[in-house]
Amino acid sequence: MTVVAVLGAGGSMGYGMARNLARAGISVRAWNRTREKAEPLAGDGTAVLGSPAQAAEGADVIVTMLPDAQAVLDAVEAALPGAGGEAIWVQMSTLGEQGTERCIQLAGEHGLAFVDAPVLGTKQPAQEGKLVVLASGPDEVRDRVQPVFDAVGQRTMWLGPAGRGSQLKLATNAWVLAVTEGCAEAVAFTEGMGLEPALLVEAITGGPLDSPYFQLKTKAIIERRFDPQFRLALAAKDGRLMEEAMRRHHLELPLVTAVARQMARAAEQNPDKDTSASYLILR
């Protein structure tokens, strides 16, 4: 039986992932900075521990799902005293290029095999085990970590050396945030001209421009329901990571820049609301 330590098991993503791992028959050892958020996992047979080192003890795989690079690095450094020499570190948070490089360096310093595997999906797909895993890392550990990916996701893409998963995640987030902001501005534009936003949805539904994400986000905006699937605070963080990558690769992408900065402005007012709440600063 594979033993998996989940560091960040009480977050909106980590909780669903830890639960699906346990329900797949994997032995899960969970840690979260706020322990109370992870405690309900005990009902699925998960051991909820008080420190990263306790969670990592005896684990074959250490999964990190935390908000940013510093939180990930702090948790893994704290876990190292409990981690065995054969443990594999699977980093599934969105950290960008530089954050991932820092993780690769830390793993190398301590002899840990490292897999960079951020995911596509938000809170609901995490709960349903329908994430898409963007995995990159050494070929020789694929078979050992694939059961973890199968438990949390509907599909895994293997992309080559560690770091490529995080690069592709930035590119996909550029699309996700552009679509979200496009929905918010289209609804605001429709309302601003005195039309009912339902007409916008009706015009697009069933045509080539339609998509499940368009339906999801416009519905949330029209109903003013901004329960967080993807928090604006995290969207703003990801926007900063995209801008860092653009500077590093000498890219000039006006739309990506504008959307990243709009998410940052929206997050200042409503950090814990869903990204669709970027609509609120348009009014």
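Every read-out reported here was derived from the displayed coordinates using simple, explicitly stated rules and does not represent laboratory data. Keep in mind it's a predicted model, so treat the numbers as computed, not measured. Methodologically, a virtual Cβ is constructed for each residue, glycine included, from the backbone with ideal geometry; neighbour enumeration extends over all protein chains shown.
Numerical summary
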quantity: Sum of side-chain charges, GLN167 neighbourhood, beta-carbon under 10 Å (Lys, Arg +1; Asp, Glu -1); calculated: 0
quantity: Angle between the chain longest axis and helix 69-79 axis [Cα atoms, degrees, rounded to 10]; calculated: 20 degrees
quantity: Three-way shape label, the stretch 183-282, alpha-carbon gyration tensor, a/c 1.5; calculated: prolate
quantity: Karplus 3J(HN,Hα) series, Hz, for the stretch 193-200 with 6.51 cos²θ - 1.76 cosθ + 1.60 (x for Gly, Pro); calculated: 8, x, 9, 6, x, 4, 5, 4
quantity: The chain: angle of helix 164-192 to the longest principal axis, Cα-based, in degrees nearest 10; calculated: 30 degrees
quantity: Globularity index of the stretch 100-191, i.e. its alpha-carbon radius of gyration over 2.2 N^0.38 Å; calculated: 1.33
quantity: Theoretical gain in end-to-end length, GLU39 to GLU109 [0.36 nm per residue, Cα-Cα removed]; calculated: 21.9 nm
quantity: Normalised per residue, the volume of the convex hull around the Cα set of the stretch 224-263 (Å³); calculated: 62 Å³
quantity: Under DSSP loop assignment and at most 14 Cβ neighbours within 10 Å, longest GluC sites (Glu not before Pro)-free interval of the chain; calculated: 87-251
quantity: DSSP bridge orientation in the chain - percent antiparallel, rounded to nearest 5; calculated: 15 percent
quantity: Contour excess over end-to-end distance, with Cα ends at GLN146 and ALA203 and 0.36 nm allotted per residue; calculated: 16.3 nm
quantity: Projected area, mean over directions - the chain, Cα convex hull, nm²; calculated: 15.1 nm²
quantity: Linear extension gain, ARG261 paired with ASP74, 0.36 nm per residue minus alpha-carbon span; calculated: 64.5 nm
quantity: HN-Hα J in Hz across the stretch 222-228 - Karplus 6.51, -1.76, 1.60, θ = phi - 60°, x for Gly and Pro; calculated: 5, 8, 6, 10, 10, 4, x
quantity: Gyration tensor (alpha-carbon) shape descriptor, the stretch 3-160, a/c threshold 1.5; calculated: rounded
quantity: Between 0 and 90°, nearest 10: helix 14-23 axis offset from the chain longest Cα axis; calculated: 60 degrees
quantity: Cα-projected label distance for GLN98 with TRP175, points at 7 Å along beta-carbon direction, nm; calculated: 2.7 nm
